[in-house]
Amino acid sequence: MKLKVRCTIENNKITSNLRLFLDVLSHFNGKEVLITIQPYKKLRSSPQNRYYFGVVCKLIKDAIKTEWGQVVSIDDTHAFLKSKLHFKEFINENTGEIANLPLTTTEDSTAEFMEYLESCRNFGKEWFNIDIPEPNEQINLEL
């Protein structure tokens, strides 16, 4: 079982959700636990997620099919974008070779995810010459 409690600390004391925190602790009475404390960040929102997969990934997926003749899934498109735009770089000190490890987007803050979305829109323009609309932007489609 893994439980998380969002609290506020002021003057070295928990000032919000103290009772909930203590209740969570009681579930682990007599057990060895690992307690991690980290700054809270608001994670990407559901509307951001829907926009990313429904607009950004869909348009890139369609562009891959049009430009490269490859049919890929939305998940493959997401993995492709992460490999190009959202990764950690590792350098082999012996050979100088660089390897990129795609990072998850699920733990991005709303601000971090907005930066990633901007990178995706720029990528679409540079690689496929497509204009990916911003969230809530009206577009006209020629059918």
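Is it fair to say residue 40 is within 24 Å of the chain's Cα centre (by Cα), of a type in the set (Phe, Trp, Tyr) and farther than 29 Å from residue 126 by Cβ?
yes
Residues to consider are 19, 6; find the one that is within 30 Å of residue 115 (Cα to Cα), surrounded by fewer than 12 Cβ atoms within 10 Å (Cβ to Cβ) and either at pLDDT below 95 or of a type in the set (Ser, Thr, Tyr) (or both).
The match here is 6.
Do we have any residue at all in region 85-103 that's among the polar types (S, T, N, Q) and either within 30 Å of residue 133 (Cβ to Cβ) or in contact with a Phe, Trp or Tyr (Cβ under 6 Å, 6 or more places away or on another chain) (or both)? Full working, then the answer.
Step one: list which residues in region 85-103 are among the polar types (S, T, N, Q), which gives 92, 94-95, 100.
Next, only the ones that are either within 30 Å of residue 133 (Cβ to Cβ) or in contact with a Phe, Trp or Tyr (Cβ under 6 Å, 6 or more places away or on another chain) (or both) stay: 100.
Taking every residue of region 85-103 in turn, at least one turns out to be among the polar types (S, T, N, Q) and either within 30 Å of residue 133 (Cβ to Cβ) or in contact with a Phe, Trp or Tyr (Cβ under 6 Å, 6 or more places away or on another chain) (or both).
So residue 111 fits all but one of (1) within 21 Å of residue 46 (Cβ to Cβ); (2) in contact with a strand residue (DSSP E or B) (Cβ under 8 Å, 6 or more places away or on another chain); (3) free of Cβ contacts under 8 Å to residues at least 60 places away in the same chain; (4) not charged (D, E, K, R); what number is the exception?
(2)
Give all pairs with beta carbons closer than 6 Å in which a residue from region 25-52 that is under 30 Å from residue 76 (Cα atoms) meets a residue that is of a type in the set (D, E, K, R) and in a loop (DSSP other than H, G, I, E, B); count only pairs at least 6 apart in sequence or on separate chains.
Final answer for the pair search is 44/108.
Suppose we filter 82, 41, 61 for residues that are modelled with pLDDT under 95, out of contact with any His (no Cβ under 7 Å at 6 or more places or on another chain) and not aromatic (Phe, Trp, Tyr); which single one remains?
Checking each option against the conditions leaves just 41.
I need the full set of residues from region 25-52 which are surrounded by 15 or more Cβ atoms within 10 Å (Cβ to Cβ) and not in a loop (DSSP other than H, G, I, E, B), in order please. Quick ask: steps written out before the conclusion?
To start, the set of residues in region 25-52 that are surrounded by 15 or more Cβ atoms within 10 Å (Cβ to Cβ) comprises 43-44, 48, 51-52.
Within region 25-52, 43, 48, 51, 52 meet the criteria.
Quick check on region 54-102: of everything there that is surrounded by 10 or more Cβ atoms within 10 Å (Cβ to Cβ) and of a type in the set (Gly, Ala, Ser), which residue is farthest from residue 118 (Cα to Cα)?
Residue satisfying both the conditions and the ranking: 99.
Inside region 11-50, can you point out the residues that are touching a Ser or Thr at 6+ places or on another chain (Cβ under 9 Å) and farther than 28 Å from residue 105 by Cβ?
14, 15, 16
The values are calculated or read from the model by the stated rules, or taken from the named source; none is laboratory data. Quick caveat, the model's predicted, so the values are computed rather than measured. Ideal geometry is used to build each Cβ from the backbone, glycine not excepted, and the neighbour counts take in all protein chains shown.
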